[in-house]
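The values are calculated or read from the model by the stated rules, or taken from the named source; none is laboratory data. Nothing here was measured: the structure is a model prediction, and the numbers come from that model. A quick note on method: Cβ atoms are made from the backbone with ideal geometry, for glycine too, and the neighbour counts reach across all protein chains shown.
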């Protein structure tokens, strides 16, 4: 049985658009999780700044102390604002044949993976994820040790639902390829 190979030309106008996708936001608890992580980082930065000021002997110099604390406070506020922007920019969308993940504040990144390229997907939960009852969905394609897409901030139910849907699409895609 000989297979006929076809490589028809596709024009850019015929490609599906990713600008009209209906992206889904992450679980709202993920915003709280991101803010708490950022707050912990800011507290550790504050402690480090105090240790640095103490070690240099500038802790008692009021001008140096106030300017250092003002800088720390401004940086912390900006970091907390940025954390909220990170949450709002992380979104995912499913289509009939692929999954899309969008992230990034200053530079927006859109990753699209067709279901027929997915080799494996799993769900992971870190310590903070467990506390907030959240999960990360990791999606792997061939040729990589790390995941190609990690969608954080999903409820466990949503992560399970997405994983089942993706795996059903990948097994169907593999069966269709084998039949051809």
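State whether one or more residues within the range 44-64 are closer than 30 Å to residue 164 by Cβ, surrounded by 12 or more Cβ atoms within 10 Å (Cβ to Cβ) and at pLDDT 90 or above. Write out each step before concluding.
Of all residues in the range 44-64, those closer than 30 Å to residue 164 by Cβ come to none.
Within the range 44-64, not a single residue is closer than 30 Å to residue 164 by Cβ, surrounded by 12 or more Cβ atoms within 10 Å (Cβ to Cβ) and at pLDDT 90 or above.
Every condition in (1) more than 21 Å from residue 129 (Cβ to Cβ); (2) out of contact with any helix residue (DSSP H, G or I) (no Cβ under 6 Å at 6 or more places or on another chain) holds for residue 72 except the one numbered (2).
Listed here are the residues, each with its yes/no results for (1) surrounded by fewer than 16 Cβ atoms within 10 Å (Cβ to Cβ); (2) in the same structural domain as residue 149 (by TED's automatic domain parsing); (3) more than 21 Å from residue 42 (Cβ to Cβ); (4) within 18 Å of the chain's Cα centre (by Cα).
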| site | (1), (2), (3), (4) |
| --- | --- |
| 73 | yes, no, no, no |
| 76 | no, no, no, no |
| 82 | yes, no, no, yes |
| 96 | yes, yes, yes, no |
| 99 | no, yes, yes, yes |
| 104 | yes, yes, yes, yes |
| 110 | yes, yes, yes, yes |
| 116 | yes, yes, yes, no |
| 124 | yes, yes, yes, yes |
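Kindly indicate whether residue 20 is within 30 Å of residue 154 (Cα to Cα), part of a helix (DSSP H, G or I) and under 31 Å from the mean Cα position of the chain (by Cα).
Working: within 30 Å of residue 154 (Cα to Cα): yes; part of a helix (DSSP H, G or I): no; under 31 Å from the mean Cα position of the chain (by Cα): yes.
It is false that residue 20 is within 30 Å of residue 154 (Cα to Cα), part of a helix (DSSP H, G or I) and under 31 Å from the mean Cα position of the chain (by Cα).
Of the strands (runs of 3 or more DSSP E) lying entirely inside the range 114-157, those containing at least 1 residues that are in contact with a helix residue (DSSP H, G or I) (Cβ under 6 Å, 6 or more places away or on another chain) and over 22 Å from residue 33 (Cα atoms) span 118-124, 134-141.
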